[in-house]
Protein chains: 2
Amino acid sequence: MRDLLSAPPSIVAAGVDVFSDALRAQGADVHDVDWRPPGFGDPADLAALALDARRAAANRTAVERVMAAGSRLVDVRPAREVLDLPDRILLHAGPPIAWADASGPLRGALIGASLFEGWAATVEEAEQLLASGGIALDPCHHHRAVGPMAGVTSPSMWVWCLEDPVSGGRAFCNLNEGLGKVLRMGAYSEEVLTRLAWMRDVLGPVLAEAVRSMTDDPWDVKAALAQMLQMGDEGHNRNRAGSLMTLRELSPAIVEVDAPAKDVAAVLRFIGGNEHFFLNLGMPTAKLAMDSARAVPGSTMVTVMSRNGTEFGIQTAGTGDRWFTGPANTPVGLFLGDYGPEDANPDIGDSAIMETYGVGGFTMAAAPAIVRFVGGTVPDALATTERMYQLTLAENPAMQVPILGFRGAPTGIDVLAVARTGWLPQINTGMAGRVAGTGQVGAGLVQPPQQCFAQALAALAEESRTAA
Amino acid sequence: MRDLLSAPPSIVAAGVDVFSDALRAQGADVHDVDWRPPGFGDPADLAALALDARRAAANRTAVERVMAAGSRLVDVRPAREVLDLPDRILLHAGPPIAWADASGPLRGALIGASLFEGWAATVEEAEQLLASGGIALDPCHHHRAVGPMAGVTSPSMWVWCLEDPVSGGRAFCNLNEGLGKVLRMGAYSEEVLTRLAWMRDVLGPVLAEAVRSMTDDPWDVKAALAQMLQMGDEGHNRNRAGSLMTLRELSPAIVEVDAPAKDVAAVLRFIGGNEHFFLNLGMPTAKLAMDSARAVPGSTMVTVMSRNGTEFGIQTAGTGDRWFTGPANTPVGLFLGDYGPEDANPDIGDSAIMETYGVGGFTMAAAPAIVRFVGGTVPDALATTERMYQLTLAENPAMQVPILGFRGAPTGIDVLAVARTGWLPQINTGMAGRVAGTGQVGAGLVQPPQQCFAQALAALAEESRTAA
């Protein structure tokens, strides 16, 4: 015992560096062990899935459908015409939620949309109507649609209509309003409503006529997303190249639309002035791909990751339309102006469909400049993409990351891999103000709650045992 | 002696790997020495420059002027109105050259321009006129202009007019025709001449009216170049983001031009269909910056690198307008269609002004996807940029390379550093067909001949001794 205390210590350290760093600073000889916390999940569930004879083939089927899916821009239509909407309904991002449980930005967007539709004349009226159930709420995902941030889509809003030429499936998304004080971030001021009215009366009709004139040779939006990864975009929080490509693809048709030159110029300025304009085309592109793998029994692949500002929800190929939810985390990142962490709402938006598809946070390595928008360092961005390969089923040859020697994006999140590693998918995201009416406060990084994956794992294991 | 031959050999290898690789393959124990050839230059010249008390301050002045220079798009005008051109003159890329010494693509472009101007009715007539000296030839650089590849600029061609708000200087460049069969690559077929006529009659006037409508708030082209480096362009052989930004900046003004909708749509399609459209805006931006350091006695910084297809020429800040030339090398790279190395002309074009400014080949690390166009691997692209820091005077904070942690581009080539290291600047470039009329055959990488730098070194040393 005396020897133990008098001799120089031999130290083996595992886990956080702070211990070994402190010891090393005192001249001790420390051997670090590369250790990380174990994964999660009931061992019986993990075993059931590991031994499920269907799994390998089912996952291959699922991820191959995802990678094979295409995306063509075929139309622009009012939501009411294509989303199968009853009279008074508002679609929103994430899993189902009631007004009582909605966070500030979702409430703000629902209020704004109610005013925009003319269902209420004042904010108070709108709140009462929404609180009393006078307006139905339903997830975008239940209508083959997706919406960034609050994702609120009302019947009069125009939506992009995209089609997968492989499956023939369609997916929809509203038009991007830009940054700052916008409905999807929970703002509903006069400025927001005026812009929405212009989008309804000018932008939508001009885009619709332009896109319809291109139906002989519709724009291949998937190819544009692939090209973005060669141009420093990751496709979720950086859409600069994609938005410019949108302008390039649509502008010749736009100028031939029968509309006043000042409207045409305003449309071009609006598109050119919004570096996120493409996001609402990228999201339905990812949605088309993920929907093509919506029902593959035995597959443990994630088909949806989405947040309503209160809860994070996922779906898997093996469990179809069932949601697995947990409380949404709050992103960590960089803030606009004087906003700070206390202003940020928990994670919100259907835009995590990008990571579900294998881009966004999963291809941060393709977009090193994004760290100036979401925080972190360039090596972090590279390491994030490298880490996501451990959670995914395949590398998508269509979505290449140049800096990694043109390696395909990590694609098809495997619930089993998430459980085994304990690592969670990395999502790049915008941050909405916690208080309704605020708008955007920043952008950052966030992960789903482990709980979603734990529930999905249990359900997949249960299904596996039932099927066996 | 017997011991020497019977014992296992101990080998130290320096220089090319082929020797040590071969020995290692035979099981020998080889120690590699990281050795490279020494630099060049008369030791007395190197010493004269190293000891020149003016040098440090002069180089700082020169490179700071380069980095401070801005670039605004202020006009689009016919060349004859702004380049101070006599009646029958053709400007060309590179140092001065006579018809007799011109390579195929330069001859092709001169023939095409003579036909385009109506100075000759047939190819034969044009050749006779050019061979007889009936048309003057002069470098673009002698007229504050630059031109990619053959760089042939004739009086009727429209040129971008850019202004440096710091020095008030102006620089000019013709409009980019696209890839393939184009005048600047030496093609002069009907297709080429028809396109040039459309550019003269439609594109030029539309751009001129659009750009003039923007004079209250002229486009900051330098900022666009900086943004390109964040978007996977390197600014010489990859201008995808830049070309899209050009469309974004100009399209709203273009649609308000008083021209038929079909012409406006054609202009937008032409810009949108040419991924190199921005190059002719990037080049005069670099030219403005380099011209601002044109006469700084005692500075060993390169202000021009340029090629006429036969010779490579450089100028330095310390030697003003004097050219130092050597035979142009032939690029190595990737070829279009069935073309191969034997089809490539030696290096041609003023576009090496981009590398002179510190982008292009110098910022390949920002554009890993370019290796699919010019050859090589992604690690090569990263290593090239790293190597160029050894040849340059400064890191340009305005031109950041995200993947290198936003390090500034290596800027201001120092003749003395080139001589000391023996390394030469790396240039990304297009490859024109060796035979007049061919057009583009590929794209690749090339270096200047050492001779240019050796001559410049001697002249700078001579000037240094004279000044001392």
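Structure notes:
Listed here are the residues, each with its yes/no results for (1) surrounded by fewer than 24 Cβ atoms within 10 Å (Cβ to Cβ); (2) under 16 Å from A:Gln426 (Cα atoms).
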{"residue": "A:Leu268", "(1), (2)": "no, no"}
{"residue": "A:His276", "(1), (2)": "yes, no"}
{"residue": "A:Arg307", "(1), (2)": "no, yes"}
{"residue": "A:Thr316", "(1), (2)": "no, no"}
{"residue": "A:Gly337", "(1), (2)": "yes, no"}
{"residue": "A:Ala352", "(1), (2)": "no, yes"}
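- Take the conditions (1) in the same structural domain as A:Ile254 (by TED's automatic domain parsing); (2) touching a Gly at 6+ places or on another chain (Cβ under 7 Å); (3) closer than 30 Å to A:Pro449 by Cα; A:Arg54 misses just one of them, which is (1).
- Candidates A:Thr466, A:Thr385, A:Thr429, A:Thr411 - the one that is among the hydroxyl-bearing types (Ser, Thr, Tyr) and closer than 19 Å to A:Ala47 by Cα: A:Thr466
- Any hit, segment B:399-416, residues being closer than 28 Å to A:Met231 by Cβ, at pLDDT 95 or above, in a strand (DSSP E or B) and among the basic types (Lys, Arg): yes
- Selected residue (criterion: surrounded by the most Cβ atoms within 10 Å (Cβ to Cβ)) from residues of segment B:385-405 that are β-branched (Val, Ile, Thr) and either within 14 Å of chain A (Cβ to nearest Cβ) or free of Cβ contacts under 8 Å to residues at least 12 places away in the same chain (or both): B:Val401
- Here the helices (runs of 4 or more DSSP H) wholly within segment A:160-267 that include at least 1 residues being farther than 30 Å from A:Pro368 by Cα and within 12 Å of another protein chain (Cβ to nearest Cβ) are A:204-212, A:240-255.
- Where B:Gly320 falls short, out of the listed (1) outside the structural domain of B:Gln400 (by TED's automatic domain parsing); (2) surrounded by fewer than 23 Cβ atoms within 10 Å (Cβ to Cβ): (1)
- Residue check, B:Val374 in contact (Cβ under 8 Å) with a residue 40 or more places away in the chain and either under 23 Å from B:Thr411 (Cβ atoms) or among the aromatic types (Phe, Trp, Tyr) (or both): yes
- Some residue of segment A:8-24 being in a helix (DSSP H, G or I), among the hydrophobic types (A, V, I, L, M, F, W, C) and at pLDDT 95 or above: no
- Members of segment A:162-178 found to be surrounded by fewer than 22 Cβ atoms within 10 Å (Cβ to Cβ) and within 10 Å of A:Pro284 (Cα to Cα), listed by number: A:Glu163, A:Arg170
- Residue in segment B:284-292 that is modelled with pLDDT under 95, more than 24 Å from B:Thr421 (Cβ to Cβ) and away from every other protein chain (no Cβ under 14 Å) present: no
- Test for A:Asn280: is it more than 10 Å from chain B (Cβ to nearest Cβ) and touching a strand residue (DSSP E or B) at 6+ places or on another chain (Cβ under 6 Å): yes
- Residue check for B:Glu342: modelled with pLDDT of 95 or more, part of a helix (DSSP H, G or I), surrounded by fewer than 24 Cβ atoms within 10 Å (Cβ to Cβ) and more than 14 Å from every other protein chain (Cβ to nearest Cβ): yes
- The single condition from (1) away from every other protein chain (no Cβ under 14 Å); (2) under 25 Å from A:Ala226 (Cβ atoms) that A:Pro297 fails is (2).
- In this entry, B:Val74 passes the filter for residues that are β-branched (Val, Ile, Thr) and modelled with pLDDT of 95 or more.
- Residues of segment B:366-380 that turn out to be within 9 Å of chain A (Cβ to nearest Cβ) and either of a type in the set (Asp, Glu) or assigned to a helix (DSSP H, G or I) (or both), as a count: 8
- Just one of (1) surrounded by fewer than 22 Cβ atoms within 10 Å (Cβ to Cβ); (2) modelled with pLDDT under 95 fails for A:Val255. It is (1).
- Any hit, segment B:269-276, residues being within 7 Å of chain A (Cβ to nearest Cβ) and touching a residue at least 40 places away in the same chain (Cβ under 8 Å): no
- Sole residue being in contact with an Asp or Glu (Cβ under 8 Å, 6 or more places away or on another chain), surrounded by 20 or more Cβ atoms within 10 Å (Cβ to Cβ), on the phi > 0 side of the Ramachandran plot and not aliphatic (A, V, I, L, M), chosen from B:Gly186, B:Gly151: B:Gly151
- In the set (1) farther than 26 Å from A:Pro402 by Cα; (2) in a helix (DSSP H, G or I); (3) among the polar types (S, T, N, Q), A:Ser299 fails one condition alone, (2).
- Just one residue in the set A:Arg322, A:Arg294, A:Arg307 is out of contact with any Phe, Trp or Tyr (no Cβ under 9 Å at 6 or more places or on another chain) and assigned to a strand (DSSP E or B); that residue is A:Arg307.
- Of all residues in segment B:286-308 being among the hydroxyl-bearing types (Ser, Thr, Tyr) and touching a strand residue (DSSP E or B) at 6+ places or on another chain (Cβ under 6 Å), the one that is nearest to B:Arg322 (Cα to Cα): B:Thr303
- Evaluating A:Gly313 against the criteria (1) more than 10 Å from every other protein chain (Cβ to nearest Cβ); (2) not in a strand (DSSP E or B) leaves one unmet condition, (2).
The values are calculated or read from the model by the stated rules, or taken from the named source; none is laboratory data. The structure presented is a predicted model; accordingly, all values stated were derived computationally and were not measured. Because the Cβ atoms are built from the backbone with ideal geometry, glycine has one as well, and the counts that use them run over all protein chains shown.
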